[in-house]
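What follows is a short report on a single structure.
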Amino acid sequence: MTTKQVREIQRPRRWDAPFSPEMSEADVERLRTVRPFSLMDEAKFSEKVPLRGILRNDCRIQRYDAGEIVIRQGDYGNSAFLILEGTALVSLAALPPEVLGRAAPASPSWLKTLARFWNRPRVAESRPGIRDSLQCGTAAKGTLQVFLQDFPGILAADQMLRMDQGQLFGELSALTRTPRSATVIAEGPCEMVELRWQGFRDILRRDESLRRHVEALYRKHSLHGHLRATPLLSELSDDLLRRIADETIFESFGDFEWNRDFQSFQADDAARRIESEPVIASEGDRADGLILIRNGFARISRRHGSGHQTIAYAGKGQTFGLRELAHNWRTDGRRPWALSLRAVGYVDVLRIPQLAIEQYVLPCIDEALLPPLLPETEPGAMSRAGERRGLPREMELETGLLEFLVEHRLVNGTEAMLIDLDRCTRCDDCVRACAALHDNNPRFLRAGPRHENWMIAGACMHCADPVCMIGCPTGAIGRDESTGTVIINPQTCIGCGTCAASCPYSNIQMVDIRDSSGAPIVDSRSGTPVQQATKCDLCAGLAGGPACQNACPHSALTRIDLTTPWPLFQLTRAAGNHP
């Protein structure tokens, strides 16, 4: 047997390649004179990640012409923008796809899919295109250059918000890993500094001035739109919404990096796990306001014996407490919270005080839209789940399944791999199909947490809150801007393993990589094997969708969104094992 030669490459570090190679010391000096950077204390930053290093390596200065789109509503972004010179317009109205330069999605080619299948590498985890020195970062302005030549004609004056020099935007999308909430257009020649989220995160950790700046901007520019998007408030006048916004309280519960303690959290018994979750609203306490979940997930529960029983879970955009507030307002009663709301991981909420709801909301909406009055019995005596939440019985999952989803925090998954073990014959066709299309190495494990006949396999769930992205130093793991799929760029992955360690579900694996001949690739500095992160990519760009699901001969495997109970309720009812 011949011994394959070892191939050496240089493993990159975070700033081997900056966000823009054109950033100079003069540019850094200029940024240090601009708010909020001018307010920051360099002494608060570490020697390894100094403020000037962030400005030099995680920033780039972009120039836009009049009418050029800077960011598009619905795209997934990984950076924030600060206007240095000029003005930009925020579109308050949704623009047609053709205006935004979006072409109809191209159908994946079956020919390309077959070619990838037949031309798969002979060795596992082959990287034939790997460079002798991996590069990290993004050097150039994105390929998106779309212009609205007649944007004043497309948008009415009341549909635009003007942003001037010093305005920051795009930060919430970058930090929360969510789609852009609006389209921003350069009104005239405009110069901006773009800060990728890794640098933005590091500044937030070290300097409170930016955090305060971000919160003030959100209250000024985004809170109104967030409130308007809430169905209960959507028909209120702008004047009422402004009054509500003035009284709204920002609150956060839990740890932003909750994944760090997830495994030890799982080791606790169920009662201790629930007790350790930060309480947002407690059963039996005074109902003091309407709670809107801005980001994250929360458990809705009630006392049951000496513990707590999960009733439901709530995510971004959902509200809590309306039933109690409406009941008290209509009956002049004092009913407390009938249920508890607890943070599952990390949750951002907006709390609208009770008085604001009673003054500005309840008198102004149709009585038919209000939930029914609470039963006359004590909260603990309510029997049916539908009565407890005000939802139809047929939309409720059984308690055991709800507990399972919340305990394992599977409610985070938008594309969880669910296997019906009553149908699955363990033939492994799904595993072979995945391996055939992914470097001869399957991107999932046909094993995972189980509840009765349901199993969540060990595959990337493309989470609503992908905490795997929090610590990536190079931005190699991120969302595809068009689909939202969480993907890994092998050309910028440095094999640090941070994403694999951060994934609370152990769905990212580190693998030794090889060249096309099968020769191991090693670090030229240390001589150790170079590893890269791998995971499910939903067979991105291939016709027919995920190969694992298509290969299952018994329809036992499906990809499902668990961020809301409804898809799972439909599936369990169709399977005939719903209560």
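Just for the stretch 521-549: of the residues that are open to solvent by 40 Å² or more (accessible area, probe 1.4 Å) and polar (S, T, N, Q), which one is modelled with the highest pLDDT? Step by step, filter the stretch 521-549, then rank; the result is Gln549.
Restricting attention to the stretch 550-572, the residues that are more than 24 Å from the chain's Cα centre (by Cα) and either in contact (Cβ under 8 Å) with a residue 24 or more places away in the chain or crowded, with 16+ Cβ neighbours inside 10 Å (or both) total 10. Scanning the stretch 291-314 for any residue that is of a type in the set (Ser, Thr, Tyr), over 27 Å from Arg260 (Cβ atoms) and buried (at least 20 other Cβ atoms within 10 Å of the Cβ) turns up nothing. Scanning the stretch 311-342 for residues that are out of contact with any Pro (no Cβ under 8 Å at 6 or more places or on another chain), part of a loop (DSSP other than H, G, I, E, B) and under 23 Å from Leu405 (Cα atoms) yields Gly315, Lys316, Gly317, Gln318, Gly321. Of the residues in the stretch 262-278, at least one is outside any helix (DSSP H, G or I), surrounded by 14 or more Cβ atoms within 10 Å (Cβ to Cβ) and modelled with pLDDT of 90 or more.
Of Leu89, Leu84, all but one fail to be modelled with pLDDT under 90 and outside any loop (DSSP other than H, G, I, E, B); the exception is Leu89.
Please report, ordered by residue number, the strands (runs of 3 or more DSSP E) entirely within the stretch 496-539 with at least 1 residues that are in contact with a helix residue (DSSP H, G or I) (Cβ under 9 Å, 6 or more places away or on another chain).
Details: elements: 509-512, 521-523, 531-534.
The strands (runs of 3 or more DSSP E) meeting that bar are 509-512, 531-534.
Suppose we keep only residues that are open to solvent by 10 Å² or more (accessible area, probe 1.4 Å) and under 12 Å from Leu161 (Cβ atoms) within the stretch 182-197. Which one would you say is modelled with the lowest pLDDT? Taking the candidates together, the pick is Ala182.
Of all the residues that make up the stretch 456-477, how many are within 19 Å of Pro179 (Cβ to Cβ), open to solvent by 10 Å² or more (accessible area, probe 1.4 Å) and at pLDDT below 85? The number of residues fulfilling the criteria is 2.
Just one of the numbered conditions (1) out of contact with any strand residue (DSSP E or B) (no Cβ under 6 Å at 6 or more places or on another chain); (2) touching a residue at least 40 places away in the same chain (Cβ under 8 Å); (3) open to solvent by 50 Å² or more (accessible area, probe 1.4 Å); (4) not aromatic (Phe, Trp, Tyr) is not true of Arg242: (2).
Look at the stretch 46-55 and say how many of its residues are within 17 Å of Arg196 (Cβ to Cβ) and either in a loop (DSSP other than H, G, I, E, B) or polar (S, T, N, Q) (or both). Can you show your working first?
First, pick out the residues of the stretch 46-55 that are within 17 Å of Arg196 (Cβ to Cβ): 49-55.
Retained after the next criterion (residues that are either in a loop (DSSP other than H, G, I, E, B) or polar (S, T, N, Q) (or both)): 49-50.
Here the count works out to 2.
Cβ-Cβ contacts under 9 Å between residues 6 or more apart (or on different chains), taken from a first residue in the stretch 209-221 that is touching a residue at least 24 places away in the same chain (Cβ under 8 Å) to a second residue that is open to solvent by less than 50 Å² (accessible area, probe 1.4 Å) and aromatic (Phe, Trp, Tyr), are listed as Leu210/Phe37; Leu210/Phe200; Glu215/Phe250; Leu217/Phe169; Tyr218/Phe250; Arg219/Phe250; His221/Phe169. Report whether or not Gly284 is at positive phi and open to solvent by 20 Å² or more (accessible area, probe 1.4 Å). The answer is yes for Gly284. Please list, ordered by first then second residue, the pairs with beta carbon atoms under 9 Å, 6 or more apart or interchain, first in the stretch 432-461 and farther than 18 Å from Gly545 by Cα and among the aliphatic types (A, V, I, L, M), second open to solvent by 20 Å² or more (accessible area, probe 1.4 Å) and in a strand (DSSP E or B). Pairs found: Leu445/Gln509; Ile456/Arg450.
Filtering the stretch 556-570 down to residues that are in contact with a helix residue (DSSP H, G or I) (Cβ under 8 Å, 6 or more places away or on another chain) and in a helix (DSSP H, G or I), which residue is modelled with the highest pLDDT?
To start, the set of residues in the stretch 556-570 that are in contact with a helix residue (DSSP H, G or I) (Cβ under 8 Å, 6 or more places away or on another chain) comprises 557-563, 565-566, 568-569.
So of that shortlist, the ones also in a helix (DSSP H, G or I) come out as 566, 568-569.
Working: Trp566: 83, Leu568: 86, Phe569: 83.
By that ranking, first place goes to Leu568.
The values are calculated or read from the model by the stated rules, or taken from the named source; none is laboratory data. Only a predicted model underlies this, so the values are computations on that prediction, with no experimental measurement involved. So basically every Cβ, Gly included, is an ideal-geometry build from the backbone, and we count neighbours across all protein chains shown. Just so you know, the surface numbers come from the protein's heavy atoms only, side chains and all, with ligands and any DNA or RNA stripped out. Shrake-Rupley method; radii C 1.70, N 1.55, O 1.52, S 1.80 Å.
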